[in-house]
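Participant: I have a structure I would like to understand better, so I am pasting it below and will then ask my questions one at a time.
The values are calculated or read from the model by the stated rules, or taken from the named source; none is laboratory data. None of the values given here were measured: they were computed from a predicted structure. Cβ coordinates were reconstructed from backbone atoms using ideal geometry, including for glycine residues, and neighbour counts include every protein chain displayed. SASA here: full protein model, heavy atoms, side chains in, ligands and nucleic acids out. Shrake-Rupley method; radii C 1.70, N 1.55, O 1.52, S 1.80 Å.
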Amino acid sequence: MKKDIILCGVGGQGILSIATIIGEAATEAGINLKQAEVHGMSQRGGDVQSNLRLSTDPIWSDQIPTGEADVIISMEPMEALRYITYLRPDGMIITSSKTFVNIPNYPDEAALKSELNELPNVQLDIEAIAAELKSAKSANMVLLGMAAPYIEVLTVEQLRKAVSVIFARKGDAVVEANLRAFDRGVEASKK
Amino acid sequence: MEKKLLLGDEAVALGAIHAGLSGVYAYPGTPSTEITEFIQTNKEAIERGVRSRWCTNEKTAMEAALGMSYCGKRALVCMKHVGMNVCADAFVNSAITGVNGGVVVLAADDPSMHSSQNEQDSRFYGKFAMIPIFEPSNQQEAYDMMSRAFELSERLKEPVLLRVVTRLAHSRAAVEIGKAADQNKLNPATDNAHWVLLPGNARRNYLDLIDKQNDMMKASCESSTNDIITINNSDKGKWIGIVACGIGYNYVREALNGIKDNEDNYMIMKLTQYPMPVEGIKQMAEVCSEILVVEDGQPVVEEEVKKLVDTSYKVEGRLTGRLPRTGELNPDNVSLGLGKENNPLFRPAKNLAGRPPQLCQGCGHRDVYTALGEVVKEYENARVFGDIGCYTLGALPPFKALASCVDMGASITMAKGAADAGLWPAIAVIGDSTFTHSGMTGLLDAVNDNSNVTIIISDNLTTGMTGGQDSAGLNKYEAICLGLGVDPDHVRVVVPLPKNMPEITKILREEINYKGVSVIIPRRECIQVAARHARERAKQNNK
């Protein structure tokens, strides 16, 4: 069994933390993993993405071939669209619904949303939920919670445990806040 | 056996520590930076006293490593591919002196130029210096190869090049790790004739190096990671040879797994240690009707394979168009090269715009470019020569400030050459770390010629673009400029903040109008590093 995941967003939105948590859960579960990420110049307000491959069999390429990604997890709706050629016909896009506009030629939001809605997708205003939880920095954990049931090769519980492991060194309050955000994401996914 | 999730870079770093490393010498550069950062913060490395501070540039790094090797200890030199150009003199000549303690030179290539100005292939440098090259195909091999590379270096008494590419350097996988070996004891070399490269000595050493080529070939042929793998799909099918270098091997296996009802048979050489095992390739050519060379970077091996076979024999790769001539390999282009097109269902999105990197909001470089933009438009022929760093982003909108960006330090020397040609105003913008890396010598040239240039050293107290590493000249910039002979009246320091705009633009005008070398140093800490320092202080206060 395998799951190929593309994580994407804008530099600074917390994409790599999501990757780290899934990586921790996979390692703990003894599942093979390769995770490619782009560092350097692209972090400064530019688009960022990470290819995450999970499998019970050996994994060859660090990069996912086009048409092979099972899930696209995105912190930003236009960034999700950037990678749709990678999505399998039966794949799923899980994305924040809120646009992040830091370029002058950002597409028309209505047109963008209508294109996104023609694709298999789940959207949620994760920033609003994080704000509601008074934990703006945990928006990425709301997204991970939303995506958790789609990762399949790892259980929601395994992912939840990895959240607490990864944030442990930042203290109990941070762990609690991130777990609450994660749980809200999981709940939203069930609806 | 303990398993750790490691980036390719981290696997290299831990492999080196466990190989008994005594010192790492490096200048930051994507995608190599994380190797040295890992060693700087690794508990085992700190306990063992592994020397790890950043160097001023790749040449000082290479030379210091050679000095440590002279004393019998193991040294690692790390850089991005273009750093090889900077250290080339020391690197190539280290093959002539040979080494005492093992030396591994790690070059991280960046095919597709994710964060670089070219995609030169460091394997050419290894061939040029006539030394062995390792090229791991995955994180585990990267870890394991470090001790093999150090052992081979000490056995042959030659430096060894280890080449990685971005996709390995910046990709994570689980790695089985072993125990740390002891460091070598201090044991300085005594054979001066080998280390003093006067022509008479150098000629003898060069012959030694030529003699060692057979040993290097033997080591490649016997390498535990230069495997030959055969995939026998059908007795009816033809045999296709594939030379798969480094991570190219992974794309080949990925692609072959995806081809259904395939009757072709494959003989694959996984090439991870050079010189290329010539006999193996000749045997492959006898069995197979064609050879496809899959290598990330430039067609180094493809050219070598062509030389081994008849001109009528089909050798395919980047030179023949079976694989793209430029850019990195990926599962799609390798799959296509093997005859299977990946046809995704979803077409590229319509409502999409590029999101290029930008200078951070609140960054001091922004204020420098705002001031410069205002002043420069008053001079018809003004040109601003740029350099390598975050501030290269000043070339993009909204600033569109730069006329050039070529290599580390070229802003100053290009401005000088332009001034020599009669251009005025000739302005250079260079960062603090880039200035000490390669700008100081150019400034001395400008001073000696009394060139009419205005040099802006945009000092953010760090090496910003690679993530905020220490800057070699911290707090020394005025002293360096004065020491190189810049007139003290024309070394001006400003604080790049919007509220200081009238003062900054006034100073810019004054120094442009001054006929001679002037240096303006806008100084304000990188906001990312300032935030990190604030967090560290808060953490200290909480303890």
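Participant: Of A:77, A:149, A:89, which has the largest mean-square fluctuation in a 10 Å C-alpha GNM of chain A?
Facilitator: A:89
Participant: Simple spin-label model, 7 Å along Cα-to-Cβ: residue A:168 to residue B:51 in nm?
Facilitator: Taking the two extended label points, one gets 3.7 nm.
Participant: Still on this structure: By how many degrees, 0 to 90 and rounded to 10, does the Cα axis of helix B:501-513 deviate from the longest principal axis of chain B?
Facilitator: 90 degrees
Participant: Taking all protein chains as present, what is the carbon and sulfur share of the accessible area of the protein assembly as shown, in % to the nearest whole number, probe 1.4 Å?
Facilitator: After summing per-atom areas, the C and S share lands at 51 percent.
Participant: P(r) tail for the range A:2-190, what percent of Cα pairs lie past 25 Å?
Facilitator: Within the range A:2-190, distances greater than 25 Å cover 29 percent of Cα pairs.
Participant: Computed FRET efficiency, Cβ-Cβ of residue B:190 and residue B:532, R0 41 Å: what is it to the nearest 0.05?
Facilitator: 0.30
Participant: Classify the range B:364-529 from the C-alpha gyration tensor, please: rounded if a/c falls under 1.5, else prolate or oblate depending on whether a/b exceeds b/c.
Facilitator: Rounded is the answer for the range B:364-529, as its axis ratio a/c remains below 1.5.
Participant: On to the next question. Over the range B:228-337, with the other protein chains present, what is the accessible area per residue in square angstrom, probe 1.4 angstrom?
Facilitator: Using a 1.4 Å probe on heavy atoms only, each residue of the range B:228-337 averages 40 Å².
Participant: Another one. As a quick test, which of the pairs A:161/B:3; A:3/A:113; B:218/B:314; A:170/B:539; B:307/B:340 have an alpha carbon distance above 22 angstrom in this structure?
Facilitator: The pairs that break the limit, which is 22 Å between Cα atoms, are A:3/A:113; B:218/B:314; B:307/B:340.
Participant: Next question, about the same structure. Give the whole-number value, in cubic angstrom per residue, of the convex hull volume spanned by the C-alpha atoms of the protein assembly as shown.
Facilitator: With only Cα atoms used, the protein assembly as shown gives 187 Å³ per residue.
Participant: Can you classify the range A:82-177 as rounded, prolate or oblate using the Cα gyration tensor, where a ≥ b ≥ c are the square roots of its eigenvalues, rounded means a/c under 1.5, and otherwise it's prolate if a/b beats b/c and oblate if not?
Facilitator: oblate
Participant: What number, rounded to the nearest 500 deg cm²/dmol, is the helix-based mean residue ellipticity at 222 nm of chain B, given -39500 (n - 2.57) per DSSP H run of at least four residues and division by all its residues?
Facilitator: Helix contribution divided over all residues of chain B: -11500 deg cm²/dmol.
Participant: Run the lone-cysteine check on chain B: no other Cys C-beta under 4.7 Å from the residue's C-beta.
Facilitator: If one checks each Cβ against the other cysteines of chain B, B:55, B:71, B:78, B:87, B:221, B:245, B:288, B:390, B:405, B:481, B:526 turn up with nothing under 4.7 Å.
Participant: Pull up the cross-link candidates among the lysines for residue B:185, meaning alpha carbon to alpha carbon under 23 Å and not fewer than 8 places away within one chain.
Facilitator: B:43, B:73, B:157
Participant: Right, here's the next one. Once the convex hull of the alpha carbons of the range B:92-178 is built, what does its volume come to per residue, in cubic angstrom?
Facilitator: Here the figure is 91 Å³ per residue.
Participant: If I model a spin label at residue B:230 and residue B:279 as a point 7 Å from the Cα along the Cα→Cβ vector, what separation in nanometres do I get?
Facilitator: Distance between label points: 1.8 nm.
Participant: Using a cut-off of 28 Å between alpha-carbon atoms, which lysines can reach residue B:400, once sequence neighbours fewer than 8 places away in the same chain are excluded?
Facilitator: Correct list for residue B:400: B:80, B:350, B:377, B:416, B:499, B:506, B:515.
Participant: So, one more: How long is the gain from residue B:3 to residue B:510 if the chain were fully straight, where each residue apart is worth 0.36 nm and the alpha carbon distance is subtracted?
Facilitator: 176.4 nm
Participant: Along the Cα→Cβ direction, 7 angstrom out, place labels at residue B:448 and residue A:57. What is the inter-label distance in nm?
Facilitator: About 6.5 nm, to one decimal.
Participant: Rounded to the nearest 0.05, what FRET efficiency do residue B:213 and residue B:374 have when you use their Cβ-Cβ distance and R0 = 51 Å?
Facilitator: 0.25
Participant: FRET efficiency for residue B:343 and residue B:263, Cβ-Cβ distance as r, R0 = 25 Å, nearest 0.05?
Facilitator: Between residue B:343 and residue B:263 the formula returns 0.75.
Participant: Compare A:16, A:54, A:133 in a GNM of chain A, Cα atoms joined below 10 Å, and give the one with the largest fluctuation.
Facilitator: A:133
Participant: If you take the accessible area of B alone plus A alone and subtract the pair, what total do you get in square angstrom, rounded to 100, with a 1.4 Å probe?
Facilitator: It comes to approximately 4200 Å² buried between B and A.
Participant: Running a GNM on chain A with Cα contacts under 10 Å, which residue among A:30, A:14, A:67 ends up with the highest mean-square fluctuation?
Facilitator: Of the options given, A:30 has the highest mean-square fluctuation.
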